Each structure stands twice: as structure tokens, then as C-alpha cells.
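Worksheet: the structure to be examined is printed underneath.
The values are calculated or read from the model by the stated rules, or taken from the named source; none is laboratory data. Here the structure is a predicted model, which means the values were calculated and not measured. Heads up, the Cβs are rebuilt from the backbone with ideal geometry, glycines too, and the neighbour counts pull from every protein chain shown. With ligands, DNA and RNA removed, areas are computed over all heavy atoms of the protein, side chains included. Shrake-Rupley method; radii C 1.70, N 1.55, O 1.52, S 1.80 Å.
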Amino acid sequence: MIYLDYQATTPLAPEAREAMLRWLAGPGEGEGFANPSSTHKAGRAAAAAVEVARDQVAALLPRGGRVYFTSGATEALNWALFRGAQAQSGGVAGLSIEHAASLQCLERLNATILPVDGKGLALPPDDALIPEGGIVAAMLVNNEVGTIQPVADFAAAAHAKGSLLLCDAVQGFGRIAIPEGADLIAVSAHKIHGPKGVGALWVRDGVNLEPLMVGGAQEQGMRSGTVSPALCAGFGAAAALAARRMDKDAEHVERLWSLAMEMLPEWSLNGDAERRYHGNLNIRREGVNGLRLMSDARDIAFSLGSACGSGSGKVSHVLRAMGVSEVDARASIRLGWGRYTTEAELRDGLNAIRAAARLQGVD
């Protein structure tokens, strides 16, 4: 299998796996199974590992805030929006292309939905649509088309009206710099070669947020439940590796982007060509059925859009918000690559996709 679905998840980095192993100890293999809330020596060692990981994750985020570990970005976004809306009662707004983890919260909160243009970029903040004393959600990198949103502009507009800015930074964390100005930031480990099942919510100092769950004092009383040292250690190691390799990874991604654009000149790009993360290529071609293309190129792992929406039968809400027709949306596919994708793999994968398109009569 050639894996070209890096927006859905990324391969676990060997360094992250190694960092986790100590905290997955079995009988007779040490004390790595200890509960980090326990006060004995083994528990304190586990707690120390969690704090090291917290610092490693925080190093990729703005200064002046606190990282709280969660089960993933979905939990972090739900926490920020629902508890944030309680604390900031002036209303909620968010981009129409937010991930479903945010968008479904926005719908339940009767939020104002902010539009994007045909290139998948948010329109400049409209003061009339920004709530006063509320919360605004603006993602950093869109998960379906890769466009980079003007988060700093929305943060400034929100702050001017006494509102908070929540940023879903999942697809940008560890890949591009996180802009200043956000009050709440959600991130996930498995998008940066860490383990699944762990993410974090960064909360700016001075922002008051009610606990997500009660029942214990874990995560400074903000999220009850036993913390997994193994998952946190894997997340921390992945974040530290991303920090060291950010420039190198970015150069590699750009080379792969150039190769893909050379090989697929007949396909149309969904989303802005420049203001985007170039590890995400969302393209369409007239006459192509994306679902059938996946079946015919079954040895190539790619997608039709968000993994969270797969199987629903619905076309991408992101493409529809951009004004892409339903026919063109169903003719669209998403390709994603990153650190461990080789040029040979990408070339072979794209050739297989081109061959599958020819089976549909598209030359």
C-alpha cells in the first residue's frame, strides 16, 4: 500500500514509539505502569514524564498559556466551545469550513456561520458578524483543502469586541508556525506522527474555562480521569521531533508538491494554490467519480475528504461552502503526504490514480 492520506492520520514516528514503551510495562518489566496521580516513587516518575511531554507540546505553541491533555482534538474543541460559550455568553461564530468537531458544536450553539470565498479562504472579518463578549472559531489549516486561514485577523476582530478566539490548529501544529492572538488552541498527536487517543487544549493565561469533567484532580482539576503517561510521552516526543525537523519536513513537502503538480496538469485544484499547506492536495477532474476511483486504485490510500465524514454519502461541506458544485465535489479527491512519503512512492501512487481515471474514460 502507498499511503497518501496524511490529513486523516500520520505514521507513528519511531522516536514516539520508543518514548511510549517505558510506560507500557508489563509484569516484571519495571514500574512504567504506575498511575501518575499516585504519590509513591513510581507514580511521581510517571507524573514527571507527563510534565516533560507537556513542555514539549507547549514549545510548539505561543507563550503565556497552559496545555491540558485530552483524548484528542475533538474533545478539546468541544470543551472550548461549550464551556467557552458558558463563560462568554455574548454569542458564538465560526467559519463555514471548520472541521465537523467544531462545526457540529457551532450548530448546537446556534452560532453565526462565517463565509469563505471560492478559494477556501475566510472573507475578511465582518464586525457585524463577530459576537460581542462571545467566542469565535477560526481554524488554522483546513483539513480538506489545506488553505491557511487568517487567524490573527479574526483574533484581532474578536478581541476588539471582547470575544475569545478558538483556533483548531490540528493540521498546522508542528508543520507551520502557530500565529499569535488565539485564546484557545486545539491540537492532536496523531497528525504529527504521535499516537492516537491523545490531544491537547492550550488555554491562554487569564482565560477562565470551566472543567470539562469532574471526579478527580487530574490536569489541575480541569479534566478528571487517569492520565496516560505512554500517550503523553508519545505526543511529547512527536512534538519535539517536529520542532527539530520543521524546516526539513517543509522542504520535503514542497518537493512532493512540485512533483504532484507536474504529474497532474489535467486536474483542477480545489483551494488557493499559495495560501495553503502544500502537504494537502485536493483536486477534481470532470468525468471522474471519486468513490469509484478509490475502488479502482485500492492499493493507494487517499480520500474524498475528511475521514470523519467518510461513509456518510454526503459531499464535502467544505467544497460546497466554497461554491463547488455537487458534481465537481463528487469528482474531487484529497491526497496528503509528509515526512515519510518518498518521491518514488508519490510518483507510483499518482500513476496508479491516473490509470484508474483512464478506466473511467478520462484520458
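Things worth noting here:
- Paramagnetic label reach from Ala87 (point 7 Å along Cα→Cβ; backbone nitrogen cut-off under 19 Å): within the stretch 129-156, residues 131-139, 155-156.
- Computed label-point distance, nm, for sites Arg358 and Asp127 using a 7 Å Cα→Cβ extension: 5.9 nm
- Where GluC sites (Glu not before Pro) fall in DSSP loop in the stretch 112-217, at most 16 other Cβ within 10 Å: Glu132, Glu180
- Shown are Trp23, Trp337, whose ranking by accessible area with a 1.4 Å probe and every protein chain present, most to least, is Trp23, Trp337.
- Alpha-carbon gyration tensor eigenvalues x 5, square-rooted, for the stretch 75-150, Å: 20, 15, 9
- Globularity ratio of the chain, using Cα Rg and 2.2 N^0.38 Å: 1.01
- Each Lys or Arg adds one and each Asp or Glu takes one away; over the other residues whose Cβ falls under 14 Å from the Cβ of Arg22, this sums to -3.
- Entries of Lys119/Lys314; Lys41/Lys191; Lys161/Lys191; Lys161/Lys248; Lys161/Lys196 with Cα pairs more than 31 Å apart: Lys41/Lys191; Lys161/Lys191; Lys161/Lys248; Lys161/Lys196
- Residue list for the stretch 144-167, given a label point 7 angstrom along the Cα-to-Cβ vector of Arg275 and an amide N cut-off under 16 Å: 145-157
- Each Lys and Arg adds +1 at its Cβ and each Asp and Glu adds -1 at its Cβ; summed about the Cα centre, the stretch 170-318 shows a dipole of about 360 debye.
- Summed residue charge, Cβ within 15 Å of Gly225's Cβ, Lys/Arg positive, Asp/Glu negative: -1
- When a 1.4 Å probe is rolled over the protein heavy atoms, the share of accessible surface on the chain that falls to carbon and sulfur comes to 51 percent.
- Lys, Arg +1 and Asp, Glu -1 on Cβ, resulting dipole of the stretch 1-60 about Cα centre, debye, nearest 20: 200 debye
- Across the stretch 214-235, the residues whose backbone nitrogen lies under 18 Å from the label position 7 Å along the beta-carbon direction of Thr39 are 216-221.
- With semi-axes defined as the square roots of five times the eigenvalues of the C-alpha gyration tensor, the equivalent ellipsoid of the stretch 32-109 measures 33, 14, 12 Å, largest first.
- Volume per residue of the convex hull around the Cα atoms, evaluated for the stretch 104-254, comes out as 136 Å³.
- P(r), alpha carbons of the stretch 1-56 - 10 Å bins starting at zero, rounded %: 21, 39, 23, 15, 2
- Each principal axis of the stretch 216-363 carries a Cα extent, and these read 60, 34, 30 Å when sorted largest first.
- FRET efficiency for the Lys248 to Asp348 pair, using the beta carbon distance and R₀ = 22 Å, is estimated at 0.45.
- Using just its DSSP H runs of length 4 or more, each adding -39500 (n - 2.57), the chain gives a mean residue ellipticity at 222 nm of -11000 deg cm²/dmol after division by all residues.
- Rounded to the nearest 20 debye, dipole of the chain from Cβ charges on Lys, Arg, Asp, Glu: 600 debye
- Relative contact order for the chain, counting Cα pairs under 8 Å that sit 6 or more residues apart, in percent: 24 percent
- The stretch 1-16 versus the stretch 221-250: alpha-carbon centroid distance in Å: 15 Å
- Once the 1.4 Å probe is applied to the protein heavy atoms, the stretch 174-301 comes out at 43 Å² accessible per residue.
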